[in-house]
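Here the structure is laid out as structure tokens; the discussion comes afterwards.
The values are calculated or read from the model by the stated rules, or taken from the named source; none is laboratory data. For clarity, every value in this text was computed on a predicted model and none was experimentally measured. Counting neighbours? That spans all protein chains shown, and the Cβs are built from the backbone with ideal geometry, glycine included. Side chains are part of the model used for accessible areas, which takes the heavy atoms of the whole protein and leaves out ligands, DNA and RNA. Shrake-Rupley method; radii C 1.70, N 1.55, O 1.52, S 1.80 Å.
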Amino acid sequence: MRTNAGVAIWGSLFTICVALLLIDQRDDPEFIFPISFAAPEHRAPDTNPKFEAAFVGSHAETPSVHAGTLTYLKNGSLLAAWFGGTREGAKDVSIYFARRESDSQQWSAPVVVASREQTTQELNRFIAKLGNPILFADSRGRVWLFYVTVSFGGWSGSSITFRYSDDDGESWSGAERLVTSPFLNVSTLVKGCPLECKSGHILLPVYHEFLRKCGELLTISPDGKLVSKTRLSATHRAIQPCVVPLNEKAVRVFYRQNGFADRMVLTQQIPNVFAPDNTALVATNIANPDAAVSVIRRNNKGFLMVCNPLDSGRHKLSLATSNDGLSWQVIHEIENSASPNEFSYPYLIQGRPGEYHLIYTWNRTKMRYAFFNERWLENAP
Amino acid sequence: MSSAFWIWSHLSFVLLAANFLLLMQRGRRGPRARWASLSVLAFLGLLPVGHTDVSGFMLAHTGTLCVPILILMLRELLAAEGLVLSQPPQIQRNTNLFWLACGVLLYPAALGFVAHDTYYFGYNSSMGWCVLGLSCVAMLCRHQVLGICLAAAVLAHQLGLQESPNLWDYLIDPWLWIAAASHLIWMRFKPQPQQIRSNSVTNGLPAMAILPQHR
């Protein structure tokens, strides 16, 4: 390149960059936190113990379903999503969506909310298969759907795509991709329930699966822009982080242990989730057969977990409670059958204070929903 | 998908394919044939494949290409037309070492081999100032192409031309890192100067080191 022309090009680029950097108005971490944390209602509503369970819709067209997710709307309705197709990872897998109105208490027929073809078209990028979805209704009423997309390879080649709805799931925006890794943007997956900050930013727990396995937390602005990414754990066998807020900065994170030996649910307490310091992970006393767990704050007394407390297999699904997040006690068995039955991938949320909603995979053929209240938990045998 | 991303994917496809053709032809075709090839490639990139087009299909497998690799590929096409001059080997080596160092700093940490993730810094606007500072240093040291690449990456990041909000994604991608490493290895073990036809048009990509001069 001729020297004068090169200097002129560089000078122009440099001047514009300086001007743009000076007027840069991007999000400042100081502005983002704290977490929108409200201590759950301590007192259980004055109702009778209640436990109900039902299958979510019909799955005639989708022999294999998995990875259910729920979100609770302000009007009391519930939205659910999961992926379904001929088998996990098949090209015909789509993200299905159903609604449970607060008055009818019945699940609507499932509809496709995201397909591989539609996502390919909207991203202008080839998508080979779809995976785990996550639904989340933020405080402004926008419903977010994050889901895994894979362009090549297995689940290690995953990236995250999202769309949102401003009318409680009646219509959805086009698909947008989150770029979360500098290495071809591969190997970021979702499973855990997001949190919201007072600024409206969403904290989305994700995990990395390519070469090394670790938990990460994405900060997404209210308009869907990825603002930051922080690594939660340096341990390479902890995946599917489930982040539970303890106060406006501190969180306790629970992990599925991925590996072959000493399988227990792992946990770590992070004093400031906006500046994680790679706190060491410790094993809880709950066995984990390399299966997903779901944990929420139960009340001021502790935590509530849905898990498969087995050394191997996923034929038992249980509810456990803990005061400190380390020592757990199983209080109910939601499913208990013989192997090779599978009741897995639980996703637990709290609706109204003292009311809990759970969705899980039932033998990979159906999605099962369960509702229970605090009084039912208190009456544990 | 915004029009900027669409343009980015097509530009990536055309430049990548054109450089590949340039490498394959090795100067056997004249300028007219090269420009005709470029036009055909621009058209090919738009052909539908499944529910996307050829460039979208390629992008799904290569990832979004970074700014410097696009500039270097464009520069190579211009060099083939004799519109730009080559860089001295010493500057090529320094430039490649810079990209190599960037990759070593970024990829092991981002892939989880190091506890602290250096990719995190790419979300912070202060990294933009650092890269601009490096760009100044590169210009002062007469590494013009590197200086322009760095400034252009910051500019593209500020304008949000890619999907990623992270400056690292504008600055480097695995293909640039592999290219820089390969070129360094090739420079280390290349035959004596009289044994090759010319390496004077090279500017940093490995394939380009064996391209003939078209002036």
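Things worth noting here:
- Hey, A:ALA287 open to solvent by less than 60 Å² (accessible area, probe 1.4 Å), more than 14 Å from chain B (Cβ to nearest Cβ) and more than 30 Å from A:SER165 (Cβ to Cβ) or not: yes
- Of everything listed in (1) open to solvent by less than 20 Å² (accessible area, probe 1.4 Å); (2) at the interface with chain A (Cβ under 8 Å from one of its Cβ atoms); (3) modelled with pLDDT of 90 or more; (4) within 23 Å of A:ARG177 (Cβ to Cβ), the single unmet condition for B:LEU159 is (1).
- Verdict on A:ARG100 being open to solvent by 70 Å² or more (accessible area, probe 1.4 Å), among the basic types (Lys, Arg) and more than 9 Å from chain B (Cβ to nearest Cβ): no
- The conditions of being within 12 Å of chain A (Cβ to nearest Cβ) and either out of contact with any strand residue (DSSP E or B) (no Cβ under 7 Å at 6 or more places or on another chain) or among the β-branched types (Val, Ile, Thr) (or both) are met by B:LEU83.
- Within region B:108-119, one or more residues are without any contact (Cβ under 8 Å) to a residue 24 or more places away in the chain, surrounded by 20 or more Cβ atoms within 10 Å (Cβ to Cβ) and at positive phi.
- Answer residue from region B:120-136, given it is open to solvent by 50 Å² or more (accessible area, probe 1.4 Å) and under 24 Å from A:VAL7 (Cβ atoms) and is nearest to the other protein chains (Cβ to nearest Cβ) among those: B:TRP129
- If you go through region A:238-259 and keep only what is open to solvent by 30 Å² or more (accessible area, probe 1.4 Å) and either aliphatic (A, V, I, L, M) or not assigned by TED's automatic domain parsing to the domain that holds A:ILE296 (or both), you end up with just A:LEU246.
Let's see how each residue does on (1) more than 7 Å from chain A (Cβ to nearest Cβ); (2) assigned to a helix (DSSP H, G or I); (3) surrounded by fewer than 18 Cβ atoms within 10 Å (Cβ to Cβ):
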{"position": "B:LEU106", "(1), (2), (3)": "no, yes, no"}
{"position": "B:ALA138", "(1), (2), (3)": "yes, yes, no"}
{"position": "B:LEU155", "(1), (2), (3)": "no, yes, no"}
{"position": "B:SER164", "(1), (2), (3)": "no, no, no"}
{"position": "B:TYR170", "(1), (2), (3)": "yes, yes, no"}
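- Exclusive hit being on the phi < 0 side of the Ramachandran plot and not assigned by TED's automatic domain parsing to the domain that holds A:ASP167, set A:THR47, A:THR149: A:THR47
- Residues located in region A:292-322, provided they are closer than 17 Å to A:VAL253 by Cβ and not in a strand (DSSP E or B): A:ALA292, A:VAL293
- Here B:LEU72 meets each of (1) open to solvent by 30 Å² or more (accessible area, probe 1.4 Å); (2) touching a Gly at 6+ places or on another chain (Cβ under 8 Å); (3) among the hydrophobic types (A, V, I, L, M, F, W, C) with one exception, condition (1).
- Annotation note: of A:THR188, A:THR161, the sole residue that is within 14 Å of chain B (Cβ to nearest Cβ), open to solvent by less than 40 Å² (accessible area, probe 1.4 Å) and at pLDDT 95 or above is A:THR161.
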